[in-house]
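All remarks here apply to the structure that follows.
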Amino acid sequence: MTETGAPLLEARDVTKSFAGTKALAGADLTLAVGEVHGLLGANGAGKSTLSRVISGHVRRDGGSVLYAGVSLDLKSPREALNSGIAMVMQETSLARDLSVTENIFLPALGRPGRLSHKLMRRRAEQILTELGQDQSLPLGAEVRELSAAQRQLVEIAKALALNANLIIFDEPTASLSPGEVERLFDVITRLKASGCAVAFVSHRLEEVFAITDRLTVLREGRTVAGSVETRSLNQTELIRLMVGRDIGAIYSTHRATPPSRGTPILSVRDLKSPPLVRDVSFDLHAGEILGLGGLVGAGRSETLEAIFGLRQRTGGLVQLEGKRFSPRAPSEAIRAGIGFVAEDRRRQSIVPDLSVKENLLLGYLGAHRGFALGYGRMEQKIAALAARLDLPAHRIAGESLLNFSGGMQQKIIIARWLLLEPKVMLLDEPTKGVDIGTRSSIYAILREIAAAGTAIVVVSSEFEELIGLTDRVIVISDGQSIANVASAHLDEEKLTLLAAPRSSMERNQRLLSKLAKDYDGAAFWAILDESRMFCLNAVAANSLADPNFTAGATPRFEETRIGAALSSRSREFIVDPSSGLKSLVVDVKSHRGHELGTVGLVLDPSSHPPEAMAVRDAIVEQFRAMV
Amino acid sequence: MTIFARSGSSSEPRGASARFKLVFAHLEVRMLGLALVLAIVLSLLSPYFLKTGNLLNLLDQSVVVGIVAIGMTFVILTGGIDLSVGSVAGLTGVILGLALQHFNIPISVALAIASGAAIGLFSGALIAYFNLAAFVITLGVMAIGRSLAYIFSGQTSITNIPPELNNLVYTTVFGIQSNVLTLLVLYALAWAYLGYTKGGRTIYAVGSNKEAARTAGLNVLFYSILPYVVSGALSAVAATLTSAQILSIDPLAGSGLELDAIAAVVIGGASLYGGRGTIIGTLIGVFIMVMIRNGLNLLGVSPFWQGSAIGGIIIAAVLAERLLSPKSRQ
């Protein structure tokens, strides 16, 4: 192994086009031995394409790649594996019918020779122990039975099993809980220490700052900053590098006047649609942009599909304009005034063999009753809409949508629904694979139709986008809506902690229960900002000590029964002047020093509080060990 | 914005060669070109080929496979396949023959067509509702259909058929023989349906991307079944015209019809993956098939060589289509 800091991989001026669209237009990347290198860029900047070029999944059109000093021209992922390059894919590439062990060793199946199942099992156990999943991930289970987070972990284990010299992690944390992320970071730190070069692709800036040594920023297929020391940048500078301008220009500030209340246009209560949607409730008002936040696999897309009639519901009540609404098919939802931009454009939206104009008219065709087409009647509407959305006429007259850039495709798909003037628009990852220029125009379109009275629901895994675009966010975790927060009060960190899967809360729940029981009071875990708390979990053993908030609640300090303690953040027990409750709040951190919010212990007014110092140390210690 | 400027110019071809390319981007134009080349070659090889009598003969020979190919086009457009058309034609022919023993001609013909549609409904429902492979289901129906045709007919030809049935074929309207007129009318209807109705466009959308069609609110289930119903019904129409022409019904009738129909559709440029193909293309495909058969007969080529010739043309047609079609569609 070469010494730490020596370049292992040097990509120079790499270019790649897909169907006429340039995904990479001169990207450079240098990965050194023993470093964790962040690869950043806005959606559509070319991070994934560059990763896939290096890992042999796509062949570059131009440029050069040197690997350990030798020119690398991979024809397949197999060749990449043979040269010690592995990649953790963003969209999981697992074989659903095979077991966890078989999937972890899937690349080995392609090699000649006999496989020892015993050895495979032992090695798999070892890897999962490193990831902290030896208890929770059954080796014999079929991958189809696993949750999104577990699949992601299998994907990671698969890359680790290869003992590669270079591992690319493409958004490995999209569906992981904070605890799982911590374990992954431990593993990455170990890989780095053992001389591996690690490329880390992520949208989550706080993760990038936590784990990477240096970064490369891509914008519109070009490297705009190569191998910058992570420490030398702050978040604002990094965002400016990624988008080429201040973020304020993209997410214009929240509207001063929130949309008027009154009866919600769409009201969802206890919606169930197994396996992923378990209990979702929210209200949506006319003119409002509502976000569904959560991790990948939490059931956000499925919630939209269940509302739209694409997915069977097993329970709950949905009301549209006060009337019971349970469409059996999308056509009913469309006729009732709902539009749905699905997540996977290629699979769920684009009809490749129809012309661009017919694609634009597809929603109309679905809503249309009657034998004839009546396309003619729509001409004027199309022209008006095209002018509004800045869609040039020659593009609408185009032969195939597949020749368009992702952004242009998405504009056409959004226009497909706007043509029907919907009352409610549901959008699932509306800017996935959309270039930065078109993104801001999509935001502008959504704001404009919201201002005109359309109610909008947006699902986005980019928390920054979600917070910047929406008025309010419903946090969904493990198929349950657990919080309803005004976007103005949120930031990425709070949303990440709120969105953590309930299942990963088990240990935390045990810890809080024990705390509450030991001191015969109540315990909670929350994030506190200047004037507001975001409760992540709460357990009461003694009803007299109940502070009166539950998981997902986001009250202002004075709205709780322990306001005095929350605002003072004292190191001692504080007696609340109005409720008499005695409470202690303790900031907690992970063993990596990651801030994990605040734990509180609340005792009933008649109790004698124990020594604050001892309790605090015990809580800090137990929390550190937990994740 | 840069995105708009970049690709604006590329979609507007200029100059004569570009215009030529644009015209040839249309599949029907390419196929029509192939048909014309074939016609010229055959007329050079055989002076008899272009005689009116032979041309009328060509049309006459196109009727049965042409009608079945309409249904096959519908099915293939949705990404399916119907292997049962030949045996459905055989079975519905026998049903027609048996019905004629008891009922008048219109009722008997209606019964035959209705039973063809019912068989199509059966296959289509199994395929679309249970998401089963069209190839397997229609293969099964193909075997069942032929077997029932033998059983119902008592393993012999039905020959006591009212000679008036003949009128379905030999009546002349506007100077055109009625079976040829039926073919042309059915093609006109199918063309209008596929191009200009909600159902027709839905069939294309379902074949091109079922998931997207469902998300857009189209009735995927109904329009996945309908093509099989059309195919079954049209197989019965073809069987009726065959029976009317020869006034004898053989349980073996229609054997191999499925292959000719599929070949015509594929030569006509339809994609077996669905979503791509036109009814005009299919008609040209039918003519190409019939012309080759006819030409080979005129040239006195052994019937045993004809299979090789037709097979070769099919392979050449799909290969040419793949090589010539615009890249983005591949």
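Mind checking segment A:1-64 for GluC sites (Glu not before Pro) that DSSP puts in a loop (not H, G, I, E or B) and that have at most 10 other Cβ atoms within 10 Å?
Loop-located and lightly packed - A:Glu3.
Straight-line reach from A:Lys22: which aspartates and glutamates fall under 19 Å, measuring Cα to Cα and dropping same-chain residues less than 8 apart?
A:Asp13, A:Asp61, A:Glu220, A:Asp435
Any idea how far apart B:Phe103 and A:Arg447 come out in nm if each label point goes 7 Å out from Cα toward Cβ?
6.8
Can you give the local net charge around A:Ala80? Use residues other than it whose beta-carbon is closer than 15 angstrom to its beta-carbon, Lys and Arg +1, Asp and Glu -1.
Spelling it out: positives minus negatives among the neighbours equals +4.
Using a 7 Å offset from the Cα along the Cα-to-Cβ direction at both A:Glu142 and A:Ser76, what is the distance between the two label points in nm, to one decimal?
So the two model labels end up 2.7 nm from each other.
Put a dot 7 Å past each Cα toward the Cβ at B:Ser248 and B:Tyr150; how far apart are the dots in nm?
Those two pseudo-labels are separated by 2.0 nm.
Could you work out the relative contact order of chain B? I mean the mean sequence separation of Cα pairs under 8 Å and 6+ apart, divided by the number of residues, in percent.
Relative contact order, chain B: 32 percent.
Loop-only GluC sites (Glu not before Pro) in segment A:53-121, please: DSSP not H, G, I, E or B, and at most 15 other Cβ atoms within 10 Å.
Loop-located and lightly packed - A:Glu91.
Please report, in debye to the nearest 20, how large the charge dipole of chain B is about its Cα centre when each Lys and Arg carries +1 at its beta carbon and each Asp and Glu carries -1 there.
Using only the charged Cβ atoms, the result is roughly 1160 debye.
Put +1 on the Cβ of each Lys and Arg and -1 on the Cβ of each Asp and Glu in segment A:328-479; which of A:Val473, A:Gly407, A:Ser461 then has its Cα farthest toward the positive end of the dipole?
Result: A:Gly407.
Given a cut-off of under 8 Å on Cα pairs at least six residues apart, what relative contact order in percent is computed for chain A?
Averaging sequence separation for qualifying contacts and normalising by length gives 12 percent for chain A.
Alpha carbon centre of segment A:525-591 versus segment B:60-97: separation in Å?
Cα centroid to Cα centroid, the span is 75 Å.
Please give me the summed charge of the neighbours of A:Pro422: other residues whose Cβ is under 13 Å from its Cβ, Lys and Arg +1, Asp and Glu -1.
Local net charge: +1.
Counting only residues 5 or more places away or on other chains, whose amide H sits under 5 Å from the amide H of A:Gly38 once H atoms are built in the peptide plane?
A:Phe200, A:Asp213, A:Arg214, A:Leu215, A:Thr216
How high is the FRET efficiency from B:Ala309 to B:Tyr170, r the C-beta distance, R0 45 Å, rounded to 0.05?
Step by step, r from the Cβ atoms, then E = 0.90.
What is the Cα centroid distance between segment A:363-438 and segment B:159-232, reported in whole angstrom?
Using only Cα atoms to place each centre, the spacing works out to 31 Å.
Which entries of A:Lys16/A:Lys75; A:Lys16/A:Lys47; A:Lys158/A:Lys494 show an alpha-carbon separation above 22 angstrom in the structure shown?
With Cα atoms farther than 22 Å apart: A:Lys158/A:Lys494.
Using DSSP, restrict attention to beta bridges with both residues in the protein assembly as shown and report what percent are antiparallel, rounded to the nearest 5.
In the protein assembly as shown, DSSP labels about 65 percent of beta bridges as antiparallel.
Check A:Glu171: other-chain or 5+ apart residues with amide H under 5 Å from its amide H, H built from backbone geometry?
Placed amide hydrogens put A:Val201, A:Ser202 under 5 Å from A:Glu171.
Please give the FRET efficiency for A:Leu544 paired with A:Arg261, using the beta carbon to beta carbon distance and R0 = 51 Å, rounded to the nearest 0.05.
So the FRET efficiency works out to roughly 0.90.
For chain A, the longest stretch holding no trypsin sites (Lys or Arg not before Pro) located in a DSSP loop with at most 10 other Cβ atoms within 10 Å is which?
Longest site-free region, per DSSP loop and neighbour criteria: A:370-627.
Taking the Cβ of A:Asn542 as the centre, find all other residues whose Cβ is under 10 Å away and add up their charges (Lys, Arg: +1; Asp, Glu: -1).
Every neighbour counted, the sum reads -2.
Would you grab the residues whose amide H sits under 5 Å from the one on A:Ser477? Only those 5+ places off in sequence or on another chain, please, with H modelled 1.01 Å from N.
Answer set, sorted by chain and number: A:Ile482.
Going Cα to Cα from B:Lys198, which aspartates and glutamates come in below 17 Å? Please leave out same-chain ones fewer than 8 positions away.
A:Glu332, A:Asp353, A:Glu358, A:Glu379
Between the alpha-carbon centers of segment B:261-308 and segment A:263-300, tell me the distance in whole angstrom.
Between the Cα centre of segment B:261-308 and that of segment A:263-300, the gap is 55 Å.
Summing -39500 (n - 2.57) over the DSSP H runs of n ≥ 4 in chain A and dividing by its residue number, what mean residue ellipticity at 222 nm do you reach, to the nearest 500 deg cm²/dmol?
-9000 deg cm²/dmol
Since every read-out is calculated from the coordinates, none of them should be taken as a lab result. Remember, predicted model here, so these are calculated numbers, not experimental data. Virtual Cβ from ideal backbone geometry, glycine too; neighbours counted across all protein chains shown.
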